[in-house]
1. Evaluate the following for T195: is it surrounded by fewer than 19 Cβ atoms within 10 Å (Cβ to Cβ) and under 28 Å from F65 (Cα atoms)?
2. For V184, indicate whether it is over 28 Å from Y140 (Cα atoms), of a type in the set (V, I, T) and surrounded by 19 or more Cβ atoms within 10 Å (Cβ to Cβ).
3. When you scan segment 121-157, how many residues do you find that are out of contact with any helix residue (DSSP H, G or I) (no Cβ under 9 Å at 6 or more places or on another chain) and either under 22 Å from N104 (Cβ atoms) or aromatic (F, W, Y) (or both)?
4. Give the residue, chosen from F156, F188, that is under 23 Å from L78 (Cβ atoms), of a type in the set (F, W, Y) and modelled with pLDDT under 90.
5. Do we have S163 as part of a helix (DSSP H, G or I) and modelled with pLDDT of 90 or more here?
6. Being β-branched (V, I, T) and either closer than 15 Å to S163 by Cβ or surrounded by fewer than 23 Cβ atoms within 10 Å (Cβ to Cβ) (or both) is the filter here, so list the residues in segment 207-222 that pass it.
7. Find the helices (runs of 4 or more DSSP H) located wholly in segment 22-113 whose residues include 2 or more that are out of contact with any Ser or Thr (no Cβ under 8 Å at 6 or more places or on another chain) and crowded, with 17+ Cβ neighbours inside 10 Å, and list them.
8. Of everything in segment 144-175, what is touching a residue at least 40 places away in the same chain (Cβ under 8 Å) and of a type outside the set (A, V, I, L, M)? Give them in sequence order.
Amino acid sequence: MLAALPMSIWAVLFVALALLYIIGLSFLSRGEGFDAQLPITFDNYLRMAAPTYLKSLLLSLRLAFLTALCCALLGYPLAYFIAKTSPRVRTWLLILIIAPFWTNALIRIYGWKTLFIANGPLNTALLSLGIIEKPLRLLYTEKAVLVGMVYAMIPFFVLPVYSGIERLDGSIVEASRDLGAGPVRAFFTVTLPMTMPSVLAALVLTFIPSIGLFFISDLLGGSNTMLWGNVIQNELLKSRDLPFASALSVVLLTLTCIVLAVYRKLGGDAESMVF
């Protein structure tokens, strides 16, 4: 009987009500311990005007933008190559792209942490080759966080774009070639514009999660890189300030809705996000 309920009812029960609960908490005052209490207040939102929180928000947006940009620069050529290669090679490449989903993301980021430490494999190799004279400071930097975020997010860019290239009508590209367009011109005038819906969807799929990621910056950035997700985590688990953590989460949700609204305004649809 429960399985027969419409999906909209499940969405209301498990999504809408939970969101309303979080929004309601964000307007309450902090109580003792982990409690929230009356009176209703806007102080939780006014606190975010402090330089510390504004800096964290801007850093989160900047790293999310750079992550999406790097995923686009690296992911589109890879997706194009996968789509155009032989079926056998394509299968193995897709397995390599999907394989990270089979392991815990935390374990994979620990691998990057091991690589970036002062006496790790990367610094050891560079020292052995004489490229550097002393170990580079790679860990606990914004660059390390960016590398980890690109690594974690690039499958979410490659797969939708690959799917879009696969659905592309090859006869249109062939027609442009017959009319005298070279490979480069055919790509920029036909292939790229026709796969742009998939590219926009992939950018959204990489940008939105990157804003709220906190475990990557925890492991690779430490206290030097406090993203919005880290602020929420600290307020919830360390400060135990449930109303303020809820307000921070509402801001993150609002940013997500704004990005999705812009995506829809640009002509994006949910179908392009399917891969």
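The values are calculated or read from the model by the stated rules, or taken from the named source; none is laboratory data. Quick caveat, the model's predicted, so the values are computed rather than measured. No Cβ is skipped: glycine too gets one built from the backbone with ideal geometry, and neighbour counts run over all protein chains shown.
1. Spelling it out, it is not the case that T195 is surrounded by fewer than 19 Cβ atoms within 10 Å (Cβ to Cβ) and under 28 Å from F65 (Cα atoms).
2. So V184 fails the test.
3. Matching residues across segment 121-157 total 0.
4. Among F156, F188, only F188 is under 23 Å from L78 (Cβ atoms), of a type in the set (F, W, Y) and modelled with pLDDT under 90.
5. Yes, satisfied.
6. If the condition is that a residue be β-branched (V, I, T) and either closer than 15 Å to S163 by Cβ or surrounded by fewer than 23 Cβ atoms within 10 Å (Cβ to Cβ) (or both), then I208, I211 are the ones that fit.
7. Where helices (runs of 4 or more DSSP H) fall fully within segment 22-113 and carry at least 2 residues being out of contact with any Ser or Thr (no Cβ under 8 Å at 6 or more places or on another chain) and crowded, with 17+ Cβ neighbours inside 10 Å, they are 51-84.
8. Hits for segment 144-175 are G148, Y151, P155, F156, F157, P160, Y162, S163, G164, E166.
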